[in-house]
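In what follows, a single structure is set out as structure tokens and then discussed.
The values are calculated or read from the model by the stated rules, or taken from the named source; none is laboratory data. Worth saying up front: this structure is predicted, and the values here are computed from it rather than measured. Note that we place each Cβ from the backbone using ideal geometry, even for glycine, and neighbour counts take in every protein chain shown. With ligands, DNA and RNA removed, areas are computed over all heavy atoms of the protein, side chains included. Shrake-Rupley method; radii C 1.70, N 1.55, O 1.52, S 1.80 Å.
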Amino acid sequence: RLPAASVLPVLDEGARHGVHVSVYRDLDWFVETEDRWSRNESAITGLSPIPGPLRDRIQSWDLGAHKLLCMGEPAQIDAMMASIYDDHLDCLRSKAEYLEIVPAGTGKADAMQVLCDRLGIDAGQTMAMGDHDIDCGLLRAAAVGVAMGNASPAAKQAARCVTGSNDQAGVAQAIYQWI
């Protein structure tokens, strides 16, 4: 979980850079106020955020949030990323306009290893697919890391191979090629 002491400075940086900050805790999605960013995310996910004062809400929780999603123009996200210094946080882009912030050590590669351990599968028998910076660790950790054709340059560099884009059924192409 993300402790309040780590989340509150991110809220401040979001306000300073004009970046929308969403807070995710268990199955709930919280926003200060709805705006074009939350409406767009709602259209993508089919979920509705709960508006209200984030600072008060976060300070009242015993267990913190599990993820922050910062949304803004790419230059705003660049500036915000450069201003966040906290060893308890992993900050990764999931697309040019999105910065996802999770507790350090809880990324996709860590999740894959936990899943492999639970299923008794060696990581050398895995394939992972991704399309953005947030997937780089996972693509490097899997035996076969596959970047989508429309992936970010960082994801393509982290992957073992590149498949077709999302619009070209790249996932199916990779499955047919490797599995």
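Being within 22 Å of the chain's Cα centre (by Cα) and among the β-branched types (Val, Ile, Thr) is the filter here, so list the residues in the stretch 105-126 that pass it. Let's see the steps before the verdict.
Here is the first cut: in the stretch 105-126, the ones within 22 Å of the chain's Cα centre (by Cα) are 105-116, 123, 126.
Scanning the stretch 105-126 gives Thr106, Val114, Thr126.
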Helices (runs of 4 or more DSSP H) within the stretch 23-113 that include 3 or more residues within 22 Å of Asp131 (Cβ to Cβ) and in contact with an Asp or Glu (Cβ under 8 Å, 6 or more places away or on another chain): 74-83
Scope the stretch 164-179; condition under 22 Å from Leu115 (Cβ atoms) and either among the hydroxyl-bearing types (Ser, Thr, Tyr) or outside any helix (DSSP H, G or I) (or both); matching residues: Ile179
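Any idea which of Ile121, Ile58 is aliphatic (A, V, I, L, M) and either free of Cβ contacts under 8 Å to residues at least 24 places away in the same chain or touching a His at 6+ places or on another chain (Cβ under 6 Å) (or both)?
Working: Ile58 fails: either free of Cβ contacts under 8 Å to residues at least 24 places away in the same chain or touching a His at 6+ places or on another chain (Cβ under 6 Å) (or both).
One residue alone meets the criteria, Ile121.
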Where Gly145 falls short, out of the listed (1) under 15 Å from Gln113 (Cβ atoms); (2) surrounded by fewer than 21 Cβ atoms within 10 Å (Cβ to Cβ); (3) not aromatic (Phe, Trp, Tyr): (2)
Number of the condition not met by Ala155 [criteria: (1) in contact with a helix residue (DSSP H, G or I) (Cβ under 6 Å, 6 or more places away or on another chain); (2) aliphatic (A, V, I, L, M); (3) open to solvent by 20 Å² or more (accessible area, probe 1.4 Å)]: (3)
Residue in the stretch 169-176 that is among the β-branched types (Val, Ile, Thr) and under 17 Å from the mean Cα position of the chain (by Cα) present: no
